[in-house]
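What follows is one structure encoded as structure tokens, with my remarks underneath.
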Amino acid sequence: MTRQSRTSPAGSERSLHQAYDTALLDLDGVVYAGGEAIAYAVESLAEARSGGMHLAYVTNNALRTPDAVAEHLCELGVPAGAGDVITSAQAVARLISEQVEPGSKVLVVGGEGLRVALRERGLVPVDSADEEGLAAVVQGYGGPDLTWGRFMEASYAVNRGVPWYASNTDLTIPQARGIAPGNGAAVEVVRIATGAEPQVAGKPLPPMHRETVLRTGAKRPLVVGDRLDTDIEGAFNGGVDSLLVLTGIADGAELLRAGPKHRPTYVDRDLRGLLTPQPEVEAVADGFRCGGWTAAAQDGVLELRGEGEALDGLRALCAAAWTEAGEGSCGLDGGKALARLGL
């Protein structure tokens, strides 16, 4: 089965932490949300690590430095060093460094993570669009204290023709109190003011995957994320397998509508999915069966019969929806089936 024609979540007889050498884990919505560990994350990661799986933390959030991220993970009970963290700030800094002269000045609209990453690449972070010899503008998530004036500086420079880069374009970011605007929302502000388009480094684009492979040396990686449009699409673009966990942005309805590049290899409720085999979804005469559930597309509706583990029902529904959609996006109503599963 090719990635372009995936019509069902895959099964695995081995637990995923034994079947893959490296987990490339998103952070926000997967390991923590708003600074607090997500349920079962700490224990699951500890068991995966003790079983020999290398854990790398790959985030589109460019605000904090790898040192700060690693320190936070340790505070949560997840042992990590700066070398275990790969950020979109690092990916965009490498991208810029390949296109400008060493020692070039770069206008920064974002946080300390961007500044540190630029300095590592021999670039000079600055704050004003009026800096002489300005070579680039870079934008990354700057947290709640990023002022409107920073967007103005970026707009002045971009309107003068200075090349513009963005760490990522995630429109939202999970926080403890709910879903908040992400860097993509801030990028839209500058896009509206300039009519320009930035070069983007973060997931799901190739610069981030390249940065991750260069820094981890992964041979058989598994991308683990909560977003279809960044984590899962990034895995698709990189030609590697993926696990979607339902602890962040994506929900059951979005998963059923997923087009080919947004269909994960595996689906599970949380990071405990790393530690278990994944059930097979079987094509049967009256639909698709997983566990005690059978799903089918009929009369414009996704129907579900049976009982058992809710995630098995969701996997069966995915097979029915993705098969019906083919290379497109499923438009069938699956609301009643998902409600039955509590998803």
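The values are calculated or read from the model by the stated rules, or taken from the named source; none is laboratory data. Source: prediction; values computed, not measured. Ideal geometry is used to build each Cβ from the backbone, glycine not excepted, and the neighbour counts take in all protein chains shown. Side chains are part of the model used for accessible areas, which takes the heavy atoms of the whole protein and leaves out ligands, DNA and RNA. Shrake-Rupley method; radii C 1.70, N 1.55, O 1.52, S 1.80 Å.
Values for this structure:
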item	result
With eigenvalues of the C-alpha gyration tensor scaled by 5 and rooted, the stretch 135-188, Å	23, 11, 7
Length-normalised contact order of the stretch 184-252 in % [C-alpha pairs under 8 Å, at least 6 apart]	28
Cα-only radius of gyration and Dmax that characterise the stretch 180-306, units Å	17.9, 56
Value of D in µm² per second that Stokes-Einstein yields for the stretch 49-115, Kirkwood Rh from Cα pairs, at 37 °C (0.692 mPa s)	249
Solvent exposure of the stretch 95-182 as accessible area per residue, Å², 1.4 Å probe	48
Hits among aspartates and glutamates - C-alpha to C-alpha of LYS336 under 17 Å, sequence gap 8 or more where chains match	ASP251, GLU254, ASP299, GLU303, GLU307, GLU309, ASP312
Separation of alpha-carbon centers, the stretch 288-330 and the stretch 207-257, rounded to whole Å	22
Mean projection area, nm², convex hull over Cα of the stretch 222-264	2.5
Radius of gyration and maximum dimension Dmax of the stretch 264-312, Cα, Å	12.1, 38
Hydrodynamic radius (Kirkwood) for the stretch 198-256, which is based on Cα pairs only, to one decimal in Å	11.9
Cα gyration tensor, the stretch 97-162 - rounded (a/c under 1.5), prolate or oblate	oblate
Share antiparallel - DSSP beta bridges, the chain, percent rounded to 5	35
Considering only the stretch 178-312, percent of DSSP beta bridges that pair antiparallel, nearest 5	65
Within the stretch 126-162, backbone nitrogen closer than 15 Å to the virtual label 7 Å beyond the Cα of GLU101 toward Cβ	132-136
Relative intensity, log₁₀ I(q)/I(0), of the stretch 270-343 from a Debye sum that treats every alpha carbon as a point, q = 0.20, 0.24 Å⁻¹	-0.80, -1.08
Cα radius of gyration and Dmax for the stretch 24-67 (Å)	11.0, 31
Extension gain (nm, one decimal) between LYS336 and ALA283, 0.36 nm per residue minus Cα-Cα	16.9 nm
Global geometry of the stretch 75-213, whether rounded, prolate or oblate, following the gyration tensor of its Cα atoms and the 1.5 cut on a/c	oblate
Answer label for Rg/Rh (Cα atoms, Kirkwood Rh) (calculated), chosen among (1) 1.01; (2) 0.98; (3) 0.95	(1)
The chain: relative contact order in percent, alpha carbon pairs under 8 Å with at least 6 residues between	21
Between the stretch 141-173 and the stretch 68-94, the alpha-carbon center distance in angstrom	23
Beta bridges per DSSP with both ends in the stretch 20-99, % antiparallel, nearest 5	20
Partners for LYS203 among lysines (Cα-Cα distance below 21 Å; same-chain residues under 8 apart left out)	LYS219, LYS261
